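The values are calculated or read from the model by the stated rules, or taken from the named source; none is laboratory data. Model, not experiment: these values are computed from the prediction. No Cβ is skipped: glycine too gets one built from the backbone with ideal geometry, and neighbour counts run over all protein chains shown.
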Amino acid sequence: MYSGEVLPALLPWIKGNMGADPEFASPKQTDIEVDPSILNHEFMAELGENSFDRRSFEKWERVMHSHGASYQEVYALRHTRLTKYVDVIVYPNTTQHVENIVTLANKHDVVLVPYGGGTNVTQCLMLPENEKRMVVSLDMSRMNAVKWVDKENNLACVQAGISGGDLERDLLQYGVTSGHEPDSQEFSTLGGWISTRASGMKKNTYGNIEDIV
């Protein structure tokens, strides 16, 4: 069935003329090679235990935070390996956490990569293979609250890690909408929209994200 029409000759034509096998299933990898973490001990020592909500060196968390959703990255995950992996994931819970992490990263020459929903398709989460410094993935998912809504002035204060789905759910309680609806709304985050100047399906009414912020 294609566009409401039954086309019994279409599949045989594709097989015969394009050499495509619709029954072929590309096998996925059962494991993936991950390099050991590069550690900046001075940074880790000064970061301590009070500048974040959680941190992780777990293998699959490192893999997840080292790629976006571009074709190249998805292919690498399924068939080969990523060129480089983040060394640790840090989950801040407050603005003060973020400020302190940024200050210490600057002081100790550590690379910070903000991470929202991981839906980026422009390879912004791909790490340079020749990067020798410690790379910290700053996962913003725990900063996901609507702080306040001012309906009179059409303003809201929202933390950067909130996903589009959660944002709309929380704003609905106030009878308002963000006006932004990208295809990745369920997974992408407010901070990701802003950093990539994202566009959505309601842009003709509300504008792109730079018009909304």
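The set of residues in region 86-118 being surrounded by 21 or more Cβ atoms within 10 Å (Cβ to Cβ) and of a type in the set (Ser, Thr, Tyr) consists of Tyr115 alone.
Checking every residue in region 120-133 against the condition of being part of a strand (DSSP E or B) and within 21 Å of Glu58 (Cβ to Cβ) gives zero matches. In region 161-176, of all residues being farther than 20 Å from Ala69 by Cα and in contact (Cβ under 8 Å) with a residue 24 or more places away in the chain, the one that is surrounded by the fewest Cβ atoms within 10 Å (Cβ to Cβ) corresponds to Gly175. Restricting the search to region 177-213, which residues are among the aliphatic types (A, V, I, L, M), surrounded by 16 or more Cβ atoms within 10 Å (Cβ to Cβ) and part of a loop (DSSP other than H, G, I, E, B)? Correct list: Ala198 only. For region 59-76, a tally of residues being at pLDDT 95 or above and either under 26 Å from Thr95 (Cβ atoms) or polar (S, T, N, Q) (or both) returns 5. Being touching a Lys or Arg at 6+ places or on another chain (Cβ under 8 Å) and free of Cβ contacts under 8 Å to residues at least 24 places away in the same chain holds for only one residue in Glu131, Glu181, Glu152, Glu186, and it is Glu181. Any residue at all in region 114-124 that is at pLDDT below 95, under 25 Å from Pro182 (Cα atoms) and among the aromatic types (Phe, Trp, Tyr)? Scanning region 114-124, I find no residue that is at pLDDT below 95, under 25 Å from Pro182 (Cα atoms) and among the aromatic types (Phe, Trp, Tyr), so the answer is no.
Among residues of region 10-53 being surrounded by 13 or more Cβ atoms within 10 Å (Cβ to Cβ) and acidic (Asp, Glu), the one that is nearest to Asn100 (Cα to Cα) is Glu46.
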